[in-house]
1. Out of (1) surrounded by 12 or more Cβ atoms within 10 Å (Cβ to Cβ); (2) free of Cβ contacts under 8 Å to residues at least 12 places away in the same chain; (3) among the hydrophobic types (A, V, I, L, M, F, W, C), what's the single condition that is false for VAL174?
2. Filter the range 234-247 down to the residues that are small (Gly, Ala, Ser) and buried (at least 17 other Cβ atoms within 10 Å of the Cβ) and list them by number.
3. Kindly indicate the residue of the range 277-289 that is touching a Leu at 6+ places or on another chain (Cβ under 9 Å) and buried (at least 16 other Cβ atoms within 10 Å of the Cβ) and also modelled with the lowest pLDDT among those meeting that condition.
4. Which residue, of LYS127, LYS164, LYS150, is surrounded by 15 or more Cβ atoms within 10 Å (Cβ to Cβ) and either of a type in the set (Asp, Glu) or in a helix (DSSP H, G or I) (or both)?
5. Looking only at strands (runs of 3 or more DSSP E) that lie completely in the range 187-305, which have at least 2 residues being farther than 23 Å from VAL64 by Cβ, of a type in the set (Asp, Glu) and not assigned by TED's automatic domain parsing to the domain that holds VAL99?
6. THR92: touching an Asp or Glu at 6+ places or on another chain (Cβ under 8 Å), among the polar types (S, T, N, Q), within 25 Å of PRO200 (Cα to Cα) and modelled with pLDDT of 90 or more, yes or no?
7. Kindly list the number of the only condition in (1) at negative phi; (2) assigned by TED's automatic domain parsing to the domain that holds ASP175; (3) in contact (Cβ under 8 Å) with a residue 12 or more places away in the chain that fails for GLY88.
8. In the range 65-100, what count of residues is obtained for those that are surrounded by fewer than 17 Cβ atoms within 10 Å (Cβ to Cβ), under 19 Å from the mean Cα position of the chain (by Cα) and among the hydrophobic types (A, V, I, L, M, F, W, C)?
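The values are calculated or read from the model by the stated rules, or taken from the named source; none is laboratory data. Fair warning: this is a prediction, and the values are worked out from it, not measured in the lab. Reconstructed Cβ throughout: ideal geometry from the backbone, glycine too, with neighbour counts over all protein chains shown.
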Amino acid sequence: MLDMFKYFSLKFLLLLGITPIVLFLISGCNNKDLEVNKTLKDIEVVDRIEGVAALGQLNPLGEVRKLAAPTSGKGGTPRLSKLLIREGETITKDQILAVFDNRPKLEANLKSAQANLKILMSEISIKEREISRYQTLVDKGVVAEIVLDKMKDDLFLSENMVLKLKSVIEAINVDIEQTQLKSPIDGIVLQILVREGERPNSLGVMNVGANQLMEALIEVYESDIDRVQIGQDVDLISENGGFNGSLSGQVSLISPQVRQRRVLSTDPTGDADSRIVEVRVKLDNLSAKKVSHLTGMKVIARFQP
């Protein structure tokens with residue numbers, strides 16, 4: 001009986017000794033799993049904090065010009081007679097883009113003035129020969145000198161008329177030059193504001209831009225702008241599949257002003273009243289060439305940590 005008691009006592013003590021060890025091992029495993037999960041969560045938080053994405057649009061990095069119509073003599077503007085280009089078309093400096101309806105009238109005025117000048121020059125040539133002949137007669141005493149003086153005065157008036165006609169012709173040529181709208185730069189037609197037969201207003205005829213270099217204007221939420229800096233690498237994709245793959249660029253300018261967003265997302269639940277900071281991203285050469293004809297296209301920018 002004593003041996004049996006010792007046996008159960010020993011077994012009970014062994015169980016008491018093993019149980020804490022098992023509990024310790026189980027507890028250690030649980031703690032290890034908790035640490036791993038915590039680490040994963042921390043990594044997810046870091047990724048979420050570091051990654052900044054925002055919406056924007058493509059624009060030419062070079063100058064953008066608003067081309068206006070010439071003013072007529074009464075202060076108005078002529079109608080657009082002929083449009084020679086389309087939106088998105090590549091253009092070169094001094095290329096004729098449009099013609100206005102006052103050109104035919106000015107060309108007619110020019111021909112008339114040129115014809116009058118030709119007639120006047122012929123008359124002057126005749127008067128010069130007459131004066132030369134009368135000068136001989138005056139020297140011989142056959143004709144009174146007062147007659148010769150009158151002829152010289154008449155020649156002087158004709159010569160003054162020549163100067164005036166030449167000035168008129170020069171002014172008409174300037175006006176005719178303005179009846180053709182020419183591109184001041186190499187670039188692309190961004191927007192046509194007037195159609196054939198319409199009279200341009202204060203907004204002008206069209207907007208053109210130098211698209212050899214391109215940039216993206218990105219609207220970054222004010223809460224994220226502290227993680228954006230000059231020179232930061234940026235990847236961009238089209239929001240609606242306007243181009244394949246992605247574009248590359250670097251942050252070139254961060255606006256010092258906070259304002260409301262202008263590039264709206266296609267998401268109807270988006271907050272149009274959100275406060276943003278405009279960030280300019282200069283595209284690299286390959287990316288700029290790829291989208292040089294896509295001014296105004298919306299893009300999604302991912303600022304690299």
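1. Every condition holds for VAL174 apart from (1).
2. SER238
3. Checking each candidate, the answer is ALA288.
4. Within the list LYS127, LYS164, LYS150, the selection yields LYS127.
5. By residue number, 233-238.
6. Yes.
7. Unmet for GLY88, out of (1) at negative phi; (2) assigned by TED's automatic domain parsing to the domain that holds ASP175; (3) in contact (Cβ under 8 Å) with a residue 12 or more places away in the chain: (1).
8. Of the residues in that region, 1 qualify.
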